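Since the structure comes first, as structure tokens, the remarks are kept for the end.
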There are 2 protein chains.
Amino acid sequence: MSTSPATPAKPSMRDSLVAAAFELFLERGYEQTTVDDIVRTAGVGRRSFFRYFPSKEDVVFPDHEQSLADMTEFLAASADADDPLVRVCDATRLVMRMYAENPTFSVQRYRLTREVTGLRTYELSVVWRYEKIIGDYLRTRFADRRDGTLRANVVAAAVVAAHNHALRHWLRSGGEGDPLAEVDRALEFVRETWSGDAPAPAESDDDVVVVITKRSTPMWRVVREVESSLGEG
Amino acid sequence: MSTSPATPAKPSMRDSLVAAAFELFLERGYEQTTVDDIVRTAGVGRRSFFRYFPSKEDVVFPDHEQSLADMTEFLAASADADDPLVRVCDATRLVMRMYAENPTFSVQRYRLTREVTGLRTYELSVVWRYEKIIGDYLRTRFADRRDGTLRANVVAAAVVAAHNHALRHWLRSGGEGDPLAEVDRALEFVRETWSGDAPAPAESDDDVVVVITKRSTPMWRVVREVESSLGEG
């Protein structure tokens with residue numbers, strides 16, 4: 001069983017097929033490459049290709065199924081005490097890490113998806129699946145809120161948009177710089193947007209108190225308001 | 001020229017093709033219906049079909065091209081004084097209005113897109129185009145902000161997600177209720193999220209001043225902070 005193609009040693013047949021496919025896509029173009037060309041270059045049979053990939057499009061995105069499964073598993077392992085927003089931001093970092101592991105491949109694929117409409121559409125449906133996994137998790141966590149479903153859908157879309165903003169920027173730059181730092185910065189914007197949403201911590205001397213007042217309010221009223229917010233009024 | 005098929009009177013050939021297509025899709029299923037079936041039912045030639053629709057998928061979404069054009073035009077007509085967030089919310093209302101104009105058709109199409117993977121993918125690419133139009137507009141409006149592009153992308157995704165939340169809810173209900181009220185409610189959530197984002201008005205006695213302090217900060221320091229924010233320190 002140690003030679004099973006599903007859990008192979010060293011460059012697997014699956015990896016060889018992906019490598020052969022990208023070699024040909026870059027050389028002669030995606031549309032001009034057939035599955036027959038790919039298997040000939042990889043030196044394997046046609047049936048082997050379809051054992052790993054349902055279609056030619058799928059060989060362009062060989063890692064997303066695993067990444068989607070990893071994200072689902074990561075979110076399923078969440079504790080009730082986890083801040084849901086922090087949790088989904090961490091979940092999208094998993095995806096960025098996958099891209100960052102192989103910058104050359106990620107950039108090549110990005111250029112390919114810009115050129116081939118069918119691949120961009122494929123990519124949109126992958127993005128939709130990530131967003132759905134995040135939305136499903138948030139819907140559960142926000143179930144007791146009045147606008148829970150709406151909030152879950154909007155936050156999921158925002159998190160995915162922030163992630164994709166950072167990812168696209170990194171890919172456009174040709175894979176330069178630190179993509180994980182970029183995605184952190186983008187996700188920070190989303191975190192700040194809904195930062196008031198975290199479950200209220202127990203009161204402590206380090207609580208942050210926010211006072212909002214009109215410029216024309218007399219100082220004595222501002223002081224009274226601050227004191228009453230602090231429970232000293 | 002008044003009989004040109006592009007600007008026809010009463011039930012146009014285009015409308016007849018859409019009606020014939022949906023009659024057949026509902027009767028025998030989308031996959032089982034060919035373009036030949038559609039033109040035979042509509043009583044027109046095959047070339048007429050392709051004059052209006054590049055493919056069978058396109059006949060399922062006959063109104064989005066117009067709606068995308070309307071949205072682009074609406075946003076291009078914005079004034080600098082318009083609150084960008086209000087403006088993009090109004091732009092998505094145009095889309096909801098299109099769905100609301102023909103509830104039966106909208107609900108039939110929704111059910112079809114749930115069943116046929118290719119149509120759902122098509123729909124995702126349409127949604128992506130709406131989001132891009134909104135994002136392009138916001139990127140221009142936020143150009144002078146430090147995180148302008150990121151902000152534009154995240155807000156665009158949030159607006160589209162809120163719109164689609166309301167739309168899906170209405171479609172799932174079978175087209176009952178007031179979809180425009182539903183979308184307003186959903187968009188209100190997005191508006192509230194970024195309500196502090198409106199362009200800063202000129203300073204006046206009604207300015208809002210925000211003071212953030214730790215609970216443990218001595219009152220004299222809070223007062224000093226408030227005074228210095230008010231320009232009185």
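The values are calculated or read from the model by the stated rules, or taken from the named source; none is laboratory data. All of these numbers come straight from a predicted model, not from anything done at the bench. A quick note on method: Cβ atoms are made from the backbone with ideal geometry, for glycine too, and the neighbour counts reach across all protein chains shown. These area figures cover heavy atoms from the full protein model, side chains too; ligands, DNA and RNA do not enter into them. Shrake-Rupley method; radii C 1.70, N 1.55, O 1.52, S 1.80 Å.
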If R0 = 41 Å, then A:ARG120 and A:ASP144, at their Cβ-Cβ distance, give a FRET efficiency to the nearest 0.05 of 0.60
Please compute the per residue accessible area over the range A:61-197 with all protein chains in place, 1.4 Å probe, rounded to a whole number of Å².
45 Å²
So, with +1 on the Cβ of K and R and -1 on the Cβ of D and E, and no other charges, what is the size of the charge dipole of the range B:97-140 about its Cα centre, to the nearest 20 debye?
40 debye
For the interface of B with A, what's the total buried accessible surface in square angstrom, probe 1.4 angstrom, rounded to the nearest hundred?
3900 Å²
Projected label distance in nm at B:GLU65 and A:ARG185, using a 7 Å step from Cα toward the beta-carbon:
4.1 nm
Cα-projected label distance for B:GLU176 with B:ASP82, points at 7 Å along beta-carbon direction, nm:
3.6 nm
Theoretical FRET efficiency, 1/(1+(r/R0)^6), r = Cβ-Cβ of A:LEU94 and B:ARG168, R0 25 Å, to 0.05:
0.40
Residues losing 10 Å² or more accessible surface upon assembly, the range B:96-141, compared with the chain by itself, 1.4 Å:
B:ARG120, B:THR121, B:LEU124, B:SER125, B:TRP128
Which positions within the range B:152-168 get 40 Å² or more of their accessible surface covered by the other protein chains, compared to the chain by itself, with a 1.4 angstrom probe?
B:ASN153, B:VAL154, B:ALA161, B:HIS165
Between rounded, prolate and oblate, where does the range A:70-195 land on the alpha carbon gyration tensor, with a ≥ b ≥ c its root eigenvalues, rounded for a/c under 1.5, else prolate if a/b exceeds b/c?
prolate
How high is the FRET efficiency from A:GLU192 to B:VAL35, r the C-beta distance, R0 51 Å, rounded to 0.05?
0.50
For B:THR104, inter-copy label distances in nm, listed shortest first [label point 7 Å out on the Cα-Cβ vector]:
6.1
Averaging sequence separations of C-alpha pairs under 8 Å and six or more residues apart, then dividing by the length of the range B:61-197, give the relative contact order as a whole percent.
27 percent
Here, B:ASP136 and B:ARG47, labelled 7 Å along Cα→Cβ, have an inter-label distance in nm of 3.3 nm
Which residues of the range A:175-197 end up with at least 10 Å² less accessible area in the presence of all protein chains than when their chain stands alone, using a 1.4 Å probe?
A:ALA186, A:PHE189, A:THR193, A:TRP194
Measuring label to label, 7 Å along Cα→Cβ, what does B:ALA76 give against each other copy in nm, shortest first?
4.9
Considering only protein heavy atoms and a 1.4 Å probe, what is the carbon-and-sulfur percentage of the accessible area of the range A:1-103?
52 percent
